[in-house]
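Q: Below is one structure. I have some questions about it.
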Amino acid sequence: MSETKPLRIALAGLGTVGGGVIRLIDANGDLIARRAGRRIEIVAVSARDRAKDRGGDIARFGWVDDTTKLAEADADVIVELIGGSDGPALALARATLASGKGFVTANKAMIAHHGLELATAAEASRAPLKFEAAVAGGIPVIKGLREGAAANDIARVYGILNGTCNFILSKMEAEGRDFAEVLAEAQALGFAESDPSFDIDGIDAGHKLSILASVAFGTRPAFGAVAASGIRHILAADIAEAAALGYRVRLIGLAEAGPQGLFQRVHAHLVPVDHPLAHVTGATNAVVAEGNFVGRLLFQGAGAGDGPTASAVVADLIDIARGEYGAPYAMPAAELADTLPADSGDRIGRAYVRFTVADKVGVLAEIAAAMRDAGVSIESLIQRGRVGDGSVLVAIVTHEGPERAVAQALERLRGSASLTDTPLWMHILG
């Protein structure tokens, strides 16, 4: 492609982000052209409903009814914003890369499940594959790891990867309200879907974490090895107890690569109040990467929305227009290590465990005995007032020790008549 010719793009999906891409290119077209060395022009679009009013003029673009056929459009790059790990999105990705055209996507689910296949296809056809917008919206964390920190051995990468969960937790923290009530508010405000399972059960954050881990550590994407749990069972009382202990509750995705394998987990954590992540509130995302020469890097900003996500998409397009792109995962797909998942039981750390128990004599002794027999050292034990059904909340903070011991203690208590609900286990971020 000559430098004087525009970069022609075809856009699949005209929802929130697709509309944002159109508005961004319209608003900043001249500036983008100066930075990219040539103009970026939308030449074709595709979506499910051609007649839908999208608040802007799309008649100026060519229309393709079958989204999977957009790869055949007279364009240099296809931008996929329809979502879904399989189906039309994956078919379009495969067809685009097979044709040698560039492919830009915000689809975290597809990259988490099929990223290795697509990276291999992109390298075979010498086509660019870019997915900055798939992780943390407008935050340039993929670029930061692939380029800015490329010379570093990254020890671990972790952070707040889901804005819906962070909005709920920080709202519970600020107002002392319980999960169900704040979730309903988040849905009313548009921060949570009508079916919020993908977010509140940690799956969305797990997709993003697996992508970050692959880029950071040079390992093959392994979403299937991410241990993901969410925030459904966190009570206002847990957040209040954490605050009294000097912590804030955050859903953290954390990945580490070491001699024992690749560890990936999305789990609620108690975060010390002096840690930067403790001060990330609302629907904001934040990612921390720790390199052996650069030290701790913090990437923070809007993790979703039309403007931030469109910004990341168009940034990828500018790179392609400049001819600045390399291996999607910062090294050739064949060089990505096939790493076994690490056993979480070997991890050393402290834990917060909350029990909901019957208000009767001997319950605390039973819990303490289970912890003792499993080799768990208790730092503090707090008993709080009754909850709605007359049960009592008991919270334990452990000394540092292997996670396997806590798991064994909870297994010893499984089925106990003293427990009226499943215990809640949160790790303490070290």
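Q: Does segment 226-266 hold any residues that are surrounded by 20 or more Cβ atoms within 10 Å (Cβ to Cβ) and not in a strand (DSSP E or B), and which are they?
A: Within segment 226-266, VAL226, GLY230, ILE231, ILE234, ASP238, ILE239, GLU241, ALA242 qualify.
Q: So, of the residues in segment 92-108 that are surrounded by 24 or more Cβ atoms within 10 Å (Cβ to Cβ) and in a helix (DSSP H, G or I), which turns out to be nearest to the chain's Cα centre (by Cα)?
A: The qualifying residue nearest to the chain's Cα centre (by Cα) is LYS108.
Q: Just name the residue that is surrounded by the most Cβ atoms within 10 Å (Cβ to Cβ) out of those in segment 117-155 that are of a type in the set (D, E, K, R) and either within 25 Å of ALA310 (Cα to Cα) or outside the structural domain of ARG220 (by TED's automatic domain parsing) (or both). Before the answer, list the steps.
A: In the first step, residues of segment 117-155 are kept if they are of a type in the set (D, E, K, R); the result is 117, 123, 126, 130, 132, 143, 146-147, 153.
Subsequent filtering for residues that are either within 25 Å of ALA310 (Cα to Cα) or outside the structural domain of ARG220 (by TED's automatic domain parsing) (or both) retains 117, 123, 126, 130, 132, 143, 146-147.
Details: GLU117: 15, GLU123: 17, ARG126: 8, LYS130: 24, GLU132: 26, LYS143: 18, ARG146: 20, GLU147: 14.
Residue satisfying both the conditions and the ranking: GLU132.
Q: Next question. Just one of ARG350, ARG372 is in contact (Cβ under 8 Å) with a residue 60 or more places away in the chain, on the phi < 0 side of the Ramachandran plot and out of contact with any Leu (no Cβ under 7 Å at 6 or more places or on another chain); which is it? Let's see the steps before the verdict.
A: Working: ARG372 fails: in contact (Cβ under 8 Å) with a residue 60 or more places away in the chain.
After applying the criteria, what remains is ARG350.
Q: ILE111 - would you say it is under 17 Å from the mean Cα position of the chain (by Cα), at pLDDT 95 or above, assigned by TED's automatic domain parsing to the domain that holds ALA244 and not aromatic (Phe, Trp, Tyr)? Give the derivation first.
A: Numbers: under 17 Å from the mean Cα position of the chain (by Cα): yes; at pLDDT 95 or above: yes; assigned by TED's automatic domain parsing to the domain that holds ALA244: no; not aromatic (Phe, Trp, Tyr): yes.
For ILE111, the condition - under 17 Å from the mean Cα position of the chain (by Cα), at pLDDT 95 or above, assigned by TED's automatic domain parsing to the domain that holds ALA244 and not aromatic (Phe, Trp, Tyr) - is not met.
Q: Also, I was wondering about something else. State yes or no: is HIS279 within 20 Å of ILE348 (Cα to Cα), modelled with pLDDT of 95 or more and surrounded by fewer than 22 Cβ atoms within 10 Å (Cβ to Cβ)? Quick ask: steps written out before the conclusion?
A: On the way: within 20 Å of ILE348 (Cα to Cα): no; modelled with pLDDT of 95 or more: yes; surrounded by fewer than 22 Cβ atoms within 10 Å (Cβ to Cβ): yes.
Answer is no for this residue.
The values are calculated or read from the model by the stated rules, or taken from the named source; none is laboratory data. Note that this is a predicted model, so its numbers are computed, not measured. Please note: Cβ atoms are built from the backbone with ideal geometry, for glycine as well, and neighbour counts cover all protein chains shown.
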